[in-house]
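One structure is given below, encoded as structure tokens.
All of the numbers you see were taken from the coordinates with simple rules; none came from a lab. None of the values given here were measured: they were computed from a predicted structure. Neighbour counts are summed over all protein chains in view; Cβ atoms, including those assigned to glycine, are modelled from backbone coordinates with ideal geometry.
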């Protein structure tokens with residue numbers, strides 16, 4: 001029988017309804033902390049959490065997580081089994097291809113994988129909301145605004161489930177008067193649509209390499225709107241990365257830009273490269289007279305087949321883009337993420353889970369641009385490999401090192417100079433952020449946590465020029481003059497700006513930043529991105 005959603009019954013209970021019965025899970029009652037000592041604070045932070053037992057727990061209510069949940073419930077119903085599926089989610093809820101120079105756009109042949117004939121252009125956030133409705137109709141318990149912050153383990157080391165994060169944490173990391181412990185969700189099988197670092201899953205794979213995708217949705221002048229038009233470009237303003245322009249309903253246009261995070265120049269700013277891109281004549285002609293409606297960014301797994309880790313482990317499995325199923329030539333991963341989720345059929349057939357992928361035939365496309373072939377050689381090779389060889393070559397190019405190890409010292413590169421925002425096509429990230437709808441309920445120390453600023457101030461700034469303030473597309477990180485130490489800098493984290501792209505955790509050359517989930521419901525509230 002379907003269960004009603006979990007709800008906070010103010011002020012101190014979590015209530016779960018099942019048919020005519022109701023079970024209450026009392027959470028630690030807030031405590032006045034004005035006179036509480038360190039030992040008492042630690043006892044509160046480490047206090048007992050109440051647990052809920054389920055059959056399958058899925059972390060992440062994206063296309064993969066929801067597809068897995070729906071498929072498990074479908075199979076359970078077919079086999080007359082009562083399988084309880086629990087989904088937690090931290091959030092509150094090509095036709096033509098061109099090679100670009102600075103002024104020109106040259107039509108070029110595109111790999112068959114980039115063809116979009118017969119495809120639909122939709123808003124992913126709207127699609128996921130619809131998918132969530134289908135999951136609830138199938139009897140899946142979907143709990144938005146519950147952030148999974150900890151993996152639970154059995155005594156034998158296998159995954160036992162997850163715990164949601166505590167709420168009511170101050171900027172200093174101490175419990176406030178409103179502090180409440182999270183709850184444990186223990187499951188026979190836990191599926192992670194977000195990455196997990198354990199069990200040596202990457203032992204036999206290359207390091208994962210990522211791209212930062214930056215995206216805006218524009219409302220165009222109706223005279224310039226061409227419903228269904230898809231443009232892909234390659235070349236200017238930076239090297240070989242591929243970008244896309246998609247026209248869809250109600251005079252809307254989605255414009256996306258991806259920069260590989262294995263770039264070497266520490267002064268490169270993916271956000272500002274994206275703003276330059278909009279000034280190219282091919283793109284500018286569509287955007288003039290329009291207005292920006294939405295903005296977002298996300299790190300994308302681009303390593304391909306070589307970087308796909310082992311997927312199943314004791315007590316669970318990886319699904320979706322966290323496992324690295326993005327098809328780089330297609331610039332698409334939603335369909336493969338959904339398929340991986342549908343194949344991970346929880347306690348029913350998990351032992352056989354090892355999703356086949358279509359990544360083998362395109363495994364050499366992205367790595368070819370980082371060989372001695374260079375940009376033009378990579379373009380030529382990719383065309384031959386996808387159009388002629390069909391990916392059946394006997395060799396495989398490798399992804400040699402992680403993205404955080406690719407930056408060159410500032411003294412060895414030519415700094416990139418970016419034009420000032422014109423306030424029309426190009427805005428500063430601060431202005432763009434101010435026009436978006438998101439909240440951050442948890443302060444800096446818990447959202448983007450630096451393990452002390454020593455590495456930033458002694459290595460990242462003097463050696464690399466402070467790349468954090470360049471690679472973050474939301475202005476979370478800054479190096480400011482230190483008023484208390486004239487002539488020196490201090491490292492500042494503006495956590496409320498964070499849009500959850502997770503680039504900082506990937507690209508920081510010191511690997512000194514851990515991105516952690518905010519309180520449930522915090523962060524971007526995408527509606528059409």
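Figures for the structure shown
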{"item": "FRET efficiency, residue 414 to residue 158 (Cβ-Cβ, R0 51 Å, nearest 0.05)", "result": "0.50"}
{"item": "Ranked packing of 467-477, 384-394, 399-409, 269-279, most packed first, by mean Cβ within 10 Å", "result": "467-477, 269-279, 399-409, 384-394"}
{"item": "Full-stretch length increase - residue 488, residue 384 - with 0.36 nm per residue and alpha-carbon distance subtracted", "result": "32.2 nm"}
{"item": "Linear extension gain, residue 514 paired with residue 396, 0.36 nm per residue minus alpha-carbon span", "result": "39.3 nm"}
{"item": "Residue-span extension gain [residue 264 to residue 129] - 0.36 nm each, minus C-alpha spacing", "result": "44.8 nm"}
{"item": "Estimated FRET transfer efficiency (residue 200, residue 360; beta-carbon r; R0 30 Å; 0.05)", "result": "0.80"}
{"item": "Alpha-carbon centroid distance for the pair region 246-308 / region 390-426, whole angstrom", "result": "14"}
{"item": "Spacing of the two label points (7 Å from each Cα toward its C-beta) at residue 424 and residue 285, in nm", "result": "1.7"}
